[in-house]
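The values are calculated or read from the model by the stated rules, or taken from the named source; none is laboratory data. Keep in mind that what you see is a predicted model, and the values were worked out from it rather than measured. In this analysis, Cβ positions are derived from the backbone assuming ideal geometry, glycine residues included, and neighbour counts consider all displayed protein chains. These accessible areas exclude ligands, DNA and RNA; they are computed on the full protein's heavy atoms, side chains included. Shrake-Rupley method; radii C 1.70, N 1.55, O 1.52, S 1.80 Å.
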Amino acid sequence: MKIYHHIDEFIPVKNAVVTIGTFDGVHLGHRKIISRLKEIADSINGETVILTFFPHPRMILHPEDQDIKMINTMQEKAELLEQLGVDHLIITPFSRDFSNQTPEEYIKNVLVEKIGTKKIVIGYDHRFGKDRQGGLAELQQLAPIYDFEVIEIPEQDIHDVAVSSTRIRQALLNDNISLANEFLGYPFFITGKVMRGDQIGRQINYPTANILIEETYKLIPGEGIFAVKVKVSEQEFKGMGYIGHRPTINGLTRNIEVNIFDFDHDIYTQPIRMEFLHFVRGDVKFESLEQLKRQLDKDKADVKALLTD
């Protein structure tokens, strides 16, 4: 997959089959659209093109709303789209100037002149242009003028999947990992870098890798203990993940940590990926480190039982 970090970098290809959206989560609903995109491209010997935006439009149009969190970072999203066999990914910077284009300006300037769209595949509710004035009707009206075809993903097809990025975010924040993963079609994951912590875990025989996530817009699940798998140095391991403020030691910041089973290597500063498979329990304050250790012994047994399959 070729990645372009501005639409001006893209050179139009023959028979471009295009879809547009933020594709946060690259979930089952998105995959239905991408599957249709690929089918159409194959039928006309074309190439698939996804146009997405960064930052998320809401971050620019509603800067007062700092609560917007994304299921994927842009790099994670690109990896998922590449796995699905997309040919071209255009990540165009979203700005107020970009958002102020009229629907016709958007179609002419972006879809026709910049991308050379032959066919565009969109969901029934897709909106674009200034104040989201553009939609399916505008595309269909201008298609014969600019020589492209519009293929709509019907409302029924989208609702058959009953998935949305909003529902996935809510499930993750409520620690409903199983539902989120079902909607995503893959285990929710975070990627970051291993940083040195205060090593309190070592005192109770539960050393952890502390994970730093630099992208502040990345959604983090609710606090507690999780059954996870981690990938580090091209290898996969099982483990016990933790998100929380470490109330037993009166921690002040939220930590993301993982105790990796059967692992004893120095991985400080290395990239790490943690997949969330099951929620085990919420975060709890214990009277002592010894009491915490006893609970972690039980948690580890529970996690291993969940990861036996």
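What the table below lists for this structure:
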| read-out | value |
| --- | --- |
| Diffusion constant of region 213-292 at 10 °C, which comes from Stokes-Einstein with the Kirkwood Cα-pair radius and 1.306 mPa s, µm²/s | 115 |
| Potential extension, Y186-F263 segment - 0.36 nm per residue separation minus Cα distance | 25.2 nm |
| Residues of region 234-277 with amide N under 20 Å of a point placed 7 Å along Cα→Cβ from I200 | 240-260 |
| Per DSSP, loop trypsin sites (Lys or Arg not before Pro) in region 1-74 with at most 13 further Cβ within 10 Å | K14 |
| Euclidean distance between Cα centres, region 14-51 to region 130-155, Å | 16 |
| Gained length - Q83 relative to N174, 0.36 nm times residue gap less alpha-carbon distance | 29.9 nm |
| Loop-located GluC sites (Glu not before Pro) in region 207-254, at most 12 other Cβ atoms within 10 Å (DSSP) | E214, E234 |
| For region 62-106 and region 232-279, distance of Cα centres in Å | 29 |
| Square roots of five times the Cα gyration tensor eigenvalues for the chain, Å | 43, 19, 17 |
| Per-residue ³J(HN,Hα) for region 91-107, Karplus 6.51 cos²θ - 1.76 cosθ + 1.60, θ = phi - 60°, Hz, x for Gly and Pro | 9, 9, x, 8, 9, 5, 4, 4, 6, 8, 5, 5, x, 5, 4, 4, 4 |
| Relative contact order %, region 177-309, counting alpha carbon pairs below 8 Å whose residues are six or more apart | 31 |
| FRET efficiency estimate (nearest 0.05) - Cβ-Cβ, D67 to Q133, R0 30 angstrom | 0.70 |
| Surface share of carbon and sulfur [accessible, 1.4 angstrom probe, percent] for region 1-125 | 49 |
| Accessible area per residue in Å² at 1.4 Å probe, computed on the chain | 50 |
| Charge tally in the Cβ shell below 14 Å around D147, where Lys, Arg are +1 and Asp, Glu are -1, D147 excluded | +2 |
| Modelled label reach - N109, point 7 Å along Cα→Cβ, region 1-41 residues with backbone N closer than 13 Å | 7-8 |
| Normalised per residue, the volume of the convex hull around the Cα set of region 5-116 (Å³) | 103 |
| Value of relative contact order over region 173-229, rounded to a whole percent, pairs C-alpha under 8 Å and six or more apart | 37 |
| Chymotrypsin sites (Phe, Trp or Tyr not before Pro) within region 267-299: DSSP coil, no more than 12 neighbouring Cβ in 10 Å | Y268 |
| Given charges at Cβ of Lys, Arg, Asp, Glu: the chain dipole, positive-most of H30, L80, P12 | L80 |
| Mean projected area in nm² (Cα convex hull; one quarter of hull surface) for region 71-161 | 7.0 |
| Computed E for Q291/Q141 - FRET, C-beta separation, R0 41 angstrom, nearest 0.05 | 0.05 |
